[in-house]
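Here's the structure, in structure tokens; my notes come after.
The values are calculated or read from the model by the stated rules, or taken from the named source; none is laboratory data. Remember, predicted model here, so these are calculated numbers, not experimental data. Neighbour counts are summed over all protein chains in view; Cβ atoms, including those assigned to glycine, are modelled from backbone coordinates with ideal geometry. These accessible areas exclude ligands, DNA and RNA; they are computed on the full protein's heavy atoms, side chains included. Shrake-Rupley method; radii C 1.70, N 1.55, O 1.52, S 1.80 Å.
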Amino acid sequence: MIKAIIFDLDNTLLDFIKMKENAISAAIEGMIDAGMDINPKEAYHRIMEMYEDTGWENQLIFNDYLNEVNGEVNYKFLASAIVSYRRARDGSLSLYPGVKRTLMALSKMGIKLTIISDAPRREAWLRICYLNLHHYFDLVLTFDDIGERKPSSKGFELTLSKLKINVDNVLMVGDWPERDMVGAKKLGIKTIFAKYGDTFNRNYSGADWDITNIFEIVDIIKKINGK
């Protein structure tokens, strides 16, 4: 009997990569408009590399980039980048098709909804509230709450403890097999691979189910629970 579902946040509920790509491009345009002489394609490639190396939540990424390119932080360029980035980020942040419909259907079925995210607490909650998802979830655990990133099983253990359920009562939904699937399976939690959010085009996820549309979760739950 499934009583709860654990969701990853980025690239599972919301299109994080699309938002990031648009925001970085806008930040580069902002720096160029402010008078910075850079090649936009080269700048985009380098900033993406820096995010991959230092983490997608690096709040000082443009400071780092300016220091690398110019040997110092020009605050006119920095401010232009940050303002442009934030405007594009907010305008580009979007849910995958069917997310709210799925969450509503699961809630009506009496399923508790939770999130385990590797993002910092502030950034995760900003995204959740911006997209009006905060009313749907019974529990949200971020990196700041857990202290370890997936595939650590600690976040899953905390979820089971707080909800007072066992591994047979919960499913994990995520887009990153090496973290989401592995972390859940360490405890014996069955998993669903959000193929629609996969940016690496994996052929094998290791999950119990692969889905191309988030609403497929509703049918999976109905079959398991016999409804």
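Quick look at the values:
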{"item": "Residue satisfying condition, being open to solvent by 30 Å² or more (accessible area, probe 1.4 Å), in contact (Cβ under 8 Å) with a residue 12 or more places away in the chain, in a loop (DSSP other than H, G, I, E, B) and aliphatic (A, V, I, L, M), within set LEU187, LEU158", "result": "LEU187"}
{"item": "Among the residues listed as THR142, THR114, the single one being touching a residue at least 24 places away in the same chain (Cβ under 8 Å), within 15 Å of ILE189 (Cα to Cα) and β-branched (Val, Ile, Thr)", "result": "THR114"}
{"item": "Count of the range 11-36 residues which are touching a Gly at 6+ places or on another chain (Cβ under 8 Å), open to solvent by 20 Å² or more (accessible area, probe 1.4 Å) and not in a helix (DSSP H, G or I)", "result": "1"}
{"item": "Condition met for SER117 (surrounded by fewer than 22 Cβ atoms within 10 Å (Cβ to Cβ) and of a type in the set (Gly, Ala, Ser))", "result": "no"}
{"item": "Every residue from the range 123-139 that is assigned to a helix (DSSP H, G or I) and free of Cβ contacts under 8 Å to residues at least 12 places away in the same chain", "result": "LEU126, CYS129"}
{"item": "Count - residues of the range 59-102 that are open to solvent by less than 30 Å² (accessible area, probe 1.4 Å), touching a Lys or Arg at 6+ places or on another chain (Cβ under 9 Å) and modelled with pLDDT of 95 or more", "result": "1"}
{"item": "Filtered residues of the range 190-205 (kept if surrounded by 17 or more Cβ atoms within 10 Å (Cβ to Cβ), over 21 Å from PHE143 (Cα atoms) and of a type in the set (S, T, N, Q))", "result": "SER205"}
